[in-house]
Protein chains: 2
Amino acid sequence: MSEIPYKIYLSEEEMPKSWYNLRADMKNKPAPLLNPGTGEPMTAQELEGVFCAELVRQELDNDTAFFPIPQEIRDFYKMYRPSPLVRAYCLEKKLGTPAKIYYKFEGNNTSGSHKLNSAIAQAYYAKEQGLKGVTTETGAGQWGTALSMACGYLGLDCKVYMVKCSYEQKPFRREVMRVYGSSVTPSPSETTQVGKKILAEFPGTTGSLGCAISEAVETAVSNPGYRYVLGSVLNQVLLHQSVIGLESKIAMDKYGVKPDIIIGCAGGGSNLGGLIAPFMGEKLRGEADYRIIAVEPESCPSFTRGKYAYDFCDTGMVCPLAKMYTLGSSFIPSADHAGGLRFHGMSSILSQLYADGYMEAVSVRQTDVFEAAEEFARVEGILPAPESSHAIRAAIDEAMKCKETGEAKTILFGLTGTGYFDLVAYEKYHNGEMINHVPTDEDIAKSLAQLPQANG
Amino acid sequence: MSEIPYKIYLSEEEMPKSWYNLRADMKNKPAPLLNPGTGEPMTAQELEGVFCAELVRQELDNDTAFFPIPQEIRDFYKMYRPSPLVRAYCLEKKLGTPAKIYYKFEGNNTSGSHKLNSAIAQAYYAKEQGLKGVTTETGAGQWGTALSMACGYLGLDCKVYMVKCSYEQKPFRREVMRVYGSSVTPSPSETTQVGKKILAEFPGTTGSLGCAISEAVETAVSNPGYRYVLGSVLNQVLLHQSVIGLESKIAMDKYGVKPDIIIGCAGGGSNLGGLIAPFMGEKLRGEADYRIIAVEPESCPSFTRGKYAYDFCDTGMVCPLAKMYTLGSSFIPSADHAGGLRFHGMSSILSQLYADGYMEAVSVRQTDVFEAAEEFARVEGILPAPESSHAIRAAIDEAMKCKETGEAKTILFGLTGTGYFDLVAYEKYHNGEMINHVPTDEDIAKSLAQLPQANG
């Protein structure tokens with residue numbers, strides 16, 4: 001029996017007291033958000049119409065390395081954190097690999113994922129600012145659930161626009177949001193101008209994330225005392241999510257373990273950016289080296305097949321422009337693709353780091369992802385979310401390479417959440433009905449051709 | 001800030017190395033199982049036709065206080081245990097009570113409940129005996145999922161008979177079982193004689209737990225290399241579940257905390273029996289005193305309105321007779337009752353302890369249970385299972401009594417699992433469509449009138 005336990009839990013005293021802002025250590029800072037009308041960098045004042053003031057400050061600050069975590073957020077974190085850093089002894093044994101595999105499991109809370117780490121922070125600052133509530137959109141419902149939990153706890157109103165087809169087909173997540181007191185509106189709806197317009201134009205539409213974003217933003221800016229919040233992509237979100245990486249690093253340092261490879265799934269980048277933060281910091285400062293791998297779905301390959309350019313964050317093209325690896329804001333991943341990681345772009349921070357060669361990216365096939373998910377579930381006892389399973393796939397692949405070469409590398413990956421609300425996808429996989437959709441070069445070229453003028 | 005952390009996790013070294021057999025300290029031992037044909041106590045040999053040999057030994061042993069937990073089971077436990085003992089600071093604050101509330105949370109594993117503690121033990125002994133597989137029945141699917149996880153891990157075949165209406169209406173749990181490699185058959189089925197007979201007699205029936213038990217038992221005894229396993233009621237199950245109470249006690253002792261009141265929900269008694277085991281042991285030996293409260297649904301009130309008598313454990317009347325508080329094996333709780341705790345009887349061990357005055361019982365109303373569940377979810381961040389929420393209801397009630405009297409009592413309750421697969425019930429509650437069914441005295445008298453002859 002090794003000295004490393006199956007699960008490492010930090011004590012409350014060991015938990016991080018500050019978030020770490022990776023940008024402070026980046027030589028090339030992420031490109032600023034641009035005003036889509038003027039093409040000029042968005043000012044704090046402009047952003048404060050949509051976002052809370054403190055969150056705007058966090059969004060724009062490229063220099064401050066550490067932001068103290070307010071006590072009320074630290075107390076909330078204690079309700080479901082520290083999350084365990086797990087040594088995957090059972091998976092290693094099953095694979096017969098000399099690799100040492102660790103994963104940071106973020107699914108032990110009712111939202112089922114890491115999203116809660118930023119949801120509570122965003123809700124907290126909204127309350128501090130004296131706001132009445134926040135608005136957001138949600139697709140499958142993971143982010144909406146996390147935000148509902150945070151708002152329910154703080155007594156803040158929460159208006160969630162849920163893509164209509166998900167609202168109807170995934171009633172469970174909707175009900176969880178209602179347990180936490182949120183109002184959940186199927187989008188498009190009659191509650192906004194943009195919703196009415198879309199309904200008039202496309203009667204019977206089942207909605208899209210782009211439309212839900214537009215409705216949430218409109219509701220935030222047209223209701224006094226409300227702001228809009230977002231669960232990924234933004235710098236502020238990566239800042240809050242750094243708690244994942246900080247806890248992981250403290251736990252590993254405690255046992256003298258240093259990862260050779262760090263792997264995370266990447267949709268908008270919230271989990272990956274959080275997991276790698278302190279490790280990437282060391283790498284940027286030249287204090288240590290790590291192989292860092294972003295894993296994305298073959299059906300939505302922003303890093304591996306996208307372009308590094310300014311683009312809209314939303315398909316409705318109402319949000320500021322962000323410079324990022326993108327497939328074009330009109331790119332819509334196939335409906336055959338399960339779970340999240342459906343975003344056409346990628347966090348600006350991660351995009352700059354990838355452009356500068358600080359990390360790698362791979363894309364994986366959907367059925368290979370579910371094969372890994374099932375293998376993992378059987379030996380590690382956790383039914384993983386499809387999103388997280390992209391990282392599992394890559395981790396298993398790296399561990400199997402170690403088996404070939406006989407190298408005992410240490411692998412750390414992020415297990416972002418559980419798949420309890422994704423069983424329709426598992427069922428499709430079991431029944432052999434899962435389709436692997438890979439966009440053609442033409443598909444991607446077509447949406448990239450519509451990149452905004454800002455790219456000159 | 002108090003010195004007690006929000007969550008207490010034992011280290012792996014501190015985890016229990018033996019299960020505790022409460023019967024060893026009982027002056028009045030639980031009554032033996034009877035052969036329904038002869039009315040004589042079941043012998044080990046008779047029981048071994050249905051159950052694994054080692055499990056029969058555990059079932060019948062009223063004297064050995066501690067059973068060492070085999071290393072392979074301890075390793076499996078490390079995959080998802082220790083479970084956290086949580087100080088419910090947020091709930092206390094919300095209630096404004098001077099009471100100190102603790103709960104032992106067993107839901108942090110994919111089966112979503114404590115059932116896995118016994119599932120892995122039963123699967124392990126089946127494998128040790130060289131068996132090919134095990135059979136069982138499942139209603140909502142919690143026990144079936146736990147057993148599937150255990151068998152998937154050990155490479156043992158697992159045949160689950162799932163009540164047909166659940167199989168069709170709750171496809172998610174079925175899919176989780178399939179992820180873990182189990183074969184799941186809707187019951188009644190054509191795979192057994194009893195199933196065929198029922199289908200011929202009642203074409204189009206959606207099945208019952210009693211019928212599923214009969215099919216699982218028939219499959220076990222008619223297939224060489226198979227045995228039947230059960231997730232509650234039996235002495236062996238309470239033995240395995242003692243790990244819940246042992247961990248709780250070690251954690252509380254570590255911080256010098258002694259509960260005044262211990263509360264658990266009670267269906268067949270697996271969680272309650274496990275949670276209270278070491279505390280009840282002290283009480284039986286006269287070393288300490290605790291108020292111990294069993295909480296059952298008003299719609300299935302075995303302790304509070306049942307009779308202490310010999311009865312069948314199954315509605316099919318094929319299993320041995322057990323002496324227990326029972327509503328009669330023909331009693332079927334209203335379909336309006338959500339979640340588990342639907343069993344007409346109660347563990348023989350707990351029944352004897354209740355008869356001897358060592359514990360209390362209360363019954364609670366379904367809508368009051370969901371009200372407590374939602375209140376809890378909003379402040380403690382965990383969406384509780386309907387079963388567990390019975391204990392939450394009683395814990396909140398006791399905490400509110402403390403608020404009235406100003407007493408700072410220490411309350412420990414068992415939070416057996418999560419409600420992620422019970423959202424249809426939550427939806428009914430939100431929509432005001434939840435019905436509180438209370439059986440009439442005539443209902444209960446009618447089923448009690450059919451108690452078997454063995455009661456003389």
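Nothing in this text is a laboratory measurement; each read-out follows from the coordinates by a stated rule. From a predicted model like this one, the values you see are computed outputs, not experimental measurements. When we count neighbours, we look across all protein chains shown, and the Cβ atoms used for this are built from the backbone with ideal geometry, even at glycine.
Could you pull the Rg and Dmax for the stretch A:223-337, using just the Cα atoms, both in Å?
16.5, 52
Students often forget the sequence filter, so: which lysines lie under 23 Å Cα-Cα from B:LYS446 once same-chain residues fewer than 8 apart are removed?
Straight-line reach from B:LYS446, under 23 Å: B:LYS307, B:LYS323.
I'd like the distance between the alpha-carbon centres of the stretch A:245-284 and the stretch B:322-338, rounded to an integer number of Å.
Result: 52 Å between the Cα centres.
Rounded to whole Å, give me the distance from the Cα center of the stretch B:1-75 to that of the stretch B:83-119.
Cα centres, the stretch B:1-75 to the stretch B:83-119: 23 Å.
Once amide H atoms are built 1.01 Å from N in the peptide plane, which residues 5 or more positions from B:VAL364, or in another chain, come under 5 Å H to H?
Amide H neighbours of B:VAL364, under 5 Å, 5+ apart: B:GLU296, B:GLU298.
What ³J(HN,Hα) values, in whole Hz, does the Karplus curve 6.51 cos²θ - 1.76 cosθ + 1.60 give for the stretch A:26-42 when θ = phi - 60°, with x put for Gly and Pro?
Calculated HN-Hα couplings, in order: 8, 6, 8, 6, x, 5, x, 5, 10, 6, x, x, 9, x, 8, x, 5 Hz.
Give the separation of the Cα centroids, the stretch A:400-456 to the stretch B:186-244, in Å.
About 41 Å separates the Cα centre of the stretch A:400-456 from the one of the stretch B:186-244.
Averaging over all projection directions, find the projected area of the Cα convex hull of the stretch B:159-230 and quote it in nm² with one decimal place.
Averaged projected hull area, Cα only: 4.7 nm².
Set the Förster radius R0 to 51 Å, insert the Cβ-Cβ distance between B:GLU128 and A:ASP356 as r into 1/(1 + (r/R0)^6), and round the FRET efficiency to 0.05.
In this case the efficiency is close to 0.35.
What percentage of all Cα-Cα pairs in the protein assembly as shown are separated by more than 45 Å?
Summing the P(r) of the protein assembly as shown above 45 Å gives 28 percent of all pairs.
In terms of the Cα gyration tensor, with a ≥ b ≥ c the square roots of its eigenvalues, is chain A rounded because a/c is under 1.5, prolate because a/b exceeds b/c, or oblate?
Cα axes put chain A in the rounded bin.
Per-residue counts of other Cβ atoms within 10 Å, averaged by peptide: what ranking do you get for B:402-408, A:204-210, highest first?
A:204-210, B:402-408
Starting from the Cα-Cα distance between B:GLU14 and B:LYS197, subtract it from 0.36 nm times their residue separation and give me the gain in nm to one decimal.
Taking 0.36 nm per residue and subtracting the Cα distance, the gain is 60.7 nm.
Indicate the gyration tensor shape class of the stretch A:55-190 (rounded, prolate or oblate), computed on the Cα atoms with a ≥ b ≥ c the square roots of the eigenvalues: a/c under 1.5 is rounded; otherwise a/b larger than b/c is prolate and the rest oblate.
oblate
Once the piece of chain linking B:ASP289 and B:ASN223 is laid out straight, how much longer is it, given 0.36 nm per residue of separation minus the C-alpha distance between them?
Stretched fully, the B:ASP289-B:ASN223 segment lengthens by 18.9 nm.
Based on Cβ point charges of +1 for Lys and Arg and -1 for Asp and Glu, what charge dipole magnitude is obtained for the protein assembly as shown about its Cα centre, in debye rounded to the nearest 20?
About 480 debye.
With a point put 7 Å past each Cα toward its Cβ, work out how far B:ALA408 is from B:ALA445 in nm, to one decimal.
The modelled label-to-label distance comes out at 5.1 nm.
Using a label position 7 Å from Cα in the Cα→Cβ direction, what is the ascending list of nm distances from B:SER11 to the same site in the other copies?
Those separations, rounded to one decimal, come out as 1.0 nm.
Which of B:GLY306, B:LEU131, B:VAL163 sits closest to the plus end of the dipole of chain B, meaning its Cα is farthest towards the positive end, when Lys and Arg get +1 and Asp and Glu get -1 on the C-beta?
The listed residue farthest towards the positive side: B:LEU131.
Need one word for the stretch A:302-345: rounded, prolate or oblate. Basis is the Cα gyration tensor (sqrt eigenvalues a ≥ b ≥ c); a/c below 1.5 gives rounded, then a/b vs b/c decides.
The shape class here is oblate.
Report the gain in length on full extension from B:GLN45 to B:ASP336: 0.36 nm times residue separation, minus Cα-Cα distance, nm rounded to one decimal.
Computed gain between B:GLN45 and B:ASP336 is 100.7 nm.
For A:ARG285, place a label point 7 Å out from Cα along the Cα→Cβ vector, do the same in each other copy, and report the separations in nm, one decimal, smallest first.
5.3
Run the helix sum for chain A: -39,500 (n - 2.57) per DSSP H stretch of 4+ residues, divided by residue count, reported at 222 nm to the nearest 500 deg cm²/dmol.
Taken over chain A, the calculation gives -12500 deg cm²/dmol.
Near A:LYS104, which aspartates and glutamates are there with a Cα under 12 Å away, not counting those fewer than 8 places off in the same chain?
A:LYS104 reaches A:GLU247.
Report, by chain and number, residues whose modeled amide H sits under 5 Å from the one on A:PHE66, excluding near sequence neighbours (fewer than 5 apart, same chain).
A:ASN21
What number of lysine-lysine pairs in the stretch A:128-283 show an alpha-carbon separation below 17 angstrom, given a sequence spacing of 8 or more or placement on distinct chains?
Close lysine pairs under the 17 Å cut-off: 6.
Roughly what would the spin-label model give for A:LYS27 and A:GLN71, points 7 Å off Cα along C-beta, in nm?
So the two model labels end up 4.2 nm from each other.
Evaluated at 4 °C with a viscosity of 1.567 mPa s, what Stokes-Einstein diffusion coefficient in µm²/s does the stretch A:316-452 have when Rh comes from the Kirkwood expression over alpha-carbon pairs?
Reported coefficient: 76 µm²/s.
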